[in-house]
Amino acid sequence: MKRYAKLYWLYAKNHFKVMMEYRMDFLIGVLSVFGQQFAALFFLSIVFQHIESLNGWSFYEILFIYGIAFLGRAVHHIFFDNLWTIGWQYIRTGNLDRILMRPVNPLFQIVAERVQQDGFGQLLIGGSVLWLASNELGMSWSVMDVIVLLIMVLASGMIYIAVNLFFATFSFWMIDSLPVVFAVFSLSDFARYPMTIYSKVIMFVLTYIIPFGFTAFYPAMYFFEGRGFTMFALATPLVAILSLVIAYRFWLFGLRAFASTGS
Amino acid sequence: MRLQKYVALAASQIKVDMAYTAWYWASMFSVTMRLFILYFFWQAVYENKTDVSGISLSMMLTYAVLATMLDQFRGGAGRELAHLIKHGGVAVELLRPYHLLDKLLAQDIGTKTSTFFRSTLPLLVIAMLFIGVDPPTSLESVFAFSISVVLAILLATLIDLLVGVLSFYTVNVWGLSVLQEAIITIMSGAIIPLTLFPDWFQTISLYLPFASLVYVPVAIYTGDIQASGIWPSILIQLAWVGAFFLFVRLLFAYAVRKVTVFGG
């Protein structure tokens, strides 16, 4: 464990050196994430200038849900962004063979080889949105609430990571499963809005099959009073751990089946 | 004779695009999901209302569907150019017997033609079946809509090329292109009709090219832009296309003289 922490630190240090070399790009990257998220928030605020509530949800309640989604996504984005590249950067190029030769967990190496600095912009914007929303909603925060919030955000991030890992693993058989990961991740946009606006089928899929509902909506319900879904909110960390375990097992299974492209 | 080589480039690009079936299905799935999200979102917005600032639910859904379709035609050529610049391939490209910008344009037209037949048409059928698209208001509006769409797509390509040319100056263009995407998403009306925006915002957008990308053609279709406004709007689109065409050429000609190619 200590060895891994030390290794990760070495990887990160290297990465920051590269980052400082392209300082301008770092700024542009953070700025562009701002732009992206801003577009989504802008859309919502324009719509809410014409309506009072969406299916009974107020603007700031939806903003709160957004905030959790942003933060969870940031956790995934900063530390696990390389999961996206397993197919074309490791398997297609034969880089994975190099990694398998080393006496360190291969998944750890892949993950550690990249820190996505743009995610810090996401973290910042998610935090501000959450803060703004909870202020407007007049929420009071006890120490316990803050701890739960951190756990929920972490769980949300873990679910993104698990889904990403699970579908990236298909690369072992199809060389690059990025299109599949991309397609599955387009489902995560559903999670930005209160799930009650969707049909039963969509809710079922986002709860029991691809659990994106637990990345924002369900955990947010812990902090809203009298909205129901408390059981789902409390289940969030369990769902996160379960998802990760399933994804990691599947990854190990794929790794055993792996035959190099030989390039 | 001159045109022939560009037609060949466009045709070969179509074949290249056809080869990536996995990506095709992925993007079909992703756009379909986006349409469903929009559908449920607008349903919820209109739960207790018949109109939002004069727009009915069926009009809003029609707008959302068409805007989402049109949004698929954004960019592509600029990213290719940026890639060529970053990896040094541009040096070889500049030696070849065609104008690089024309080549990229030709490939872009190829890609977008195949996108239209392979993605847009089937997605429109899905949208008509599950979401509902209003029929056009008149024959004239269909005609004007078609012209407007072509101009909008051309303008999108030119704006994308402009960002691509800028990568002669900044090596990593990824951030820049994401920024471009965000600005266009907000200001083009790709997610929401510009008429819902505050007045000051609408005034600003009158003087910017972005409304010509999505809002103008779609609003012509839905009747949001009325008969008298149709042709002036198309003229403005045409003017933007002309302006960007010249600007991209000039900037490219200037940048090429200063180009530094890395070992690549």
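For region B:45-55, the candidate set comprises residues that are more than 21 Å from B:TYR215 (Cβ to Cβ) and within 9 Å of chain A (Cβ to nearest Cβ); within that set, the residue that is surrounded by the fewest Cβ atoms within 10 Å (Cβ to Cβ) is B:ASN48.
Against the conditions (1) more than 13 Å from chain B (Cβ to nearest Cβ); (2) closer than 20 Å to A:VAL129 by Cα, where does A:ASN14 fall short? Just the number, please. Of everything listed in (1) more than 13 Å from chain B (Cβ to nearest Cβ); (2) closer than 20 Å to A:VAL129 by Cα, A:ASN14 misses just condition (2). Are any of the residues in region B:103-121 assigned to a helix (DSSP H, G or I), surrounded by fewer than 17 Cβ atoms within 10 Å (Cβ to Cβ) and over 18 Å from the mean Cα position of the chain (by Cα)? No, there is no match, as no residue in region B:103-121 is assigned to a helix (DSSP H, G or I), surrounded by fewer than 17 Cβ atoms within 10 Å (Cβ to Cβ) and over 18 Å from the mean Cα position of the chain (by Cα). The sole residue among B:SER58, B:SER30 that is in a helix (DSSP H, G or I), more than 9 Å from chain A (Cβ to nearest Cβ) and among the hydroxyl-bearing types (Ser, Thr, Tyr) is B:SER58. Given A:LEU165, A:LEU154, A:LEU150, which one is surrounded by fewer than 21 Cβ atoms within 10 Å (Cβ to Cβ), touching a residue at least 60 places away in the same chain (Cβ under 8 Å) and among the aliphatic types (A, V, I, L, M)? Testing whether each residue is surrounded by fewer than 21 Cβ atoms within 10 Å (Cβ to Cβ), touching a residue at least 60 places away in the same chain (Cβ under 8 Å) and among the aliphatic types (A, V, I, L, M) leaves just A:LEU154.
Condition check for A:ILE28 on (1) among the aliphatic types (A, V, I, L, M); (2) within 14 Å of chain B (Cβ to nearest Cβ); (3) in contact with a helix residue (DSSP H, G or I) (Cβ under 6 Å, 6 or more places away or on another chain); (4) within 21 Å of A:TYR218 (Cβ to Cβ): one failure, at (4). Would you confirm, using the coordinates I've provided, whether A:TYR4 is part of a helix (DSSP H, G or I), touching a residue at least 24 places away in the same chain (Cβ under 8 Å) and away from chain B (no Cβ under 14 Å)? It is true that A:TYR4 is part of a helix (DSSP H, G or I), touching a residue at least 24 places away in the same chain (Cβ under 8 Å) and away from chain B (no Cβ under 14 Å). Exactly one residue out of B:TRP42, B:TRP25 is within 14 Å of chain A (Cβ to nearest Cβ), surrounded by fewer than 15 Cβ atoms within 10 Å (Cβ to Cβ) and in a helix (DSSP H, G or I): that is B:TRP25. Exactly one residue among A:VAL75, A:VAL47, A:VAL33 is within 29 Å of A:MET139 (Cα to Cα), within 13 Å of another protein chain (Cβ to nearest Cβ), of a type in the set (A, V, I, L, M) and within 24 Å of the chain's Cα centre (by Cα), and that residue is A:VAL33. Scanning region A:93-103 for residues being surrounded by fewer than 18 Cβ atoms within 10 Å (Cβ to Cβ) and either among the aromatic types (Phe, Trp, Tyr) or touching a residue at least 40 places away in the same chain (Cβ under 8 Å) (or both) gives a total of 3.
Check region A:17-25 and report whether any residue there is farther than 20 Å from A:ARG192 by Cβ, touching a helix residue (DSSP H, G or I) at 6+ places or on another chain (Cβ under 9 Å) and more than 9 Å from chain B (Cβ to nearest Cβ). Checked against the condition, which is being farther than 20 Å from A:ARG192 by Cβ, touching a helix residue (DSSP H, G or I) at 6+ places or on another chain (Cβ under 9 Å) and more than 9 Å from chain B (Cβ to nearest Cβ), region A:17-25 yields at least one hit.
Counting only residues that are part of a helix (DSSP H, G or I) and either small (Gly, Ala, Ser) or more than 13 Å from the chain's Cα centre (by Cα) (or both), region B:157-176 holds 8 of them. Being of a type in the set (S, T, N, Q) and more than 30 Å from B:LEU95 (Cα to Cα) is the requirement here; does B:SER177 meet it? It is false that B:SER177 is of a type in the set (S, T, N, Q) and more than 30 Å from B:LEU95 (Cα to Cα).
Note on region A:50-62: residues that are more than 7 Å from every other protein chain (Cβ to nearest Cβ) and either surrounded by 15 or more Cβ atoms within 10 Å (Cβ to Cβ) or among the aliphatic types (A, V, I, L, M) (or both) amount to 7. Could you check, for region B:58-78, whether at least one of its residues is within 20 Å of the chain's Cα centre (by Cα) and farther than 24 Å from B:VAL214 by Cβ? Checked region B:58-78: no residue is within 20 Å of the chain's Cα centre (by Cα) and farther than 24 Å from B:VAL214 by Cβ. Might you check whether a residue that is within 14 Å of chain B (Cβ to nearest Cβ), under 30 Å from A:ARG92 (Cβ atoms) and not in a helix (DSSP H, G or I) occurs anywhere in region A:198-212? Yes, region A:198-212 contains at least one residue that is within 14 Å of chain B (Cβ to nearest Cβ), under 30 Å from A:ARG92 (Cβ atoms) and not in a helix (DSSP H, G or I).
Screening B:ALA156 on (1) surrounded by fewer than 21 Cβ atoms within 10 Å (Cβ to Cβ); (2) more than 14 Å from chain A (Cβ to nearest Cβ) shows it passes everything except condition (1). Annotation note: of A:ILE86, A:ILE68, A:ILE62, the sole residue that is touching a Phe, Trp or Tyr at 6+ places or on another chain (Cβ under 7 Å) and of a type in the set (A, V, I, L, M) is A:ILE62. Report the residue count in region A:140-162 for those that are modelled with pLDDT under 95 and either touching a helix residue (DSSP H, G or I) at 6+ places or on another chain (Cβ under 8 Å) or under 12 Å from A:GLY67 (Cα atoms) (or both). Qualifying residue count for the region: 1. Within region A:1-49, the residues that satisfy the criterion of being of a type in the set (A, V, I, L, M) and more than 30 Å from B:LEU38 (Cα to Cα) are A:MET1, A:ALA5, A:LEU7, A:LEU10, A:ALA12, A:VAL18, A:MET19, A:MET20, A:MET24, A:LEU27. Restricted to region A:168-186, and to residues that are surrounded by 20 or more Cβ atoms within 10 Å (Cβ to Cβ) and away from chain B (no Cβ under 11 Å), which residue is nearest to B:ARG34 (Cα to Cα)? The residue in question is A:ALA168. Annotation: of all residues in region A:104-123 being assigned to a loop (DSSP other than H, G, I, E, B) and surrounded by 18 or more Cβ atoms within 10 Å (Cβ to Cβ), the one that is nearest to the other protein chains (Cβ to nearest Cβ) is A:ASP118. The set of residues in region B:72-123 that are among the acidic types (Asp, Glu) and closer than 25 Å to B:SER146 by Cα comprises B:ASP102, B:ASP108.
The values are calculated or read from the model by the stated rules, or taken from the named source; none is laboratory data. Computed from a predicted structure; not experimentally measured. We place every Cβ from the backbone using ideal geometry, glycine too, and count neighbours over all the protein chains shown.
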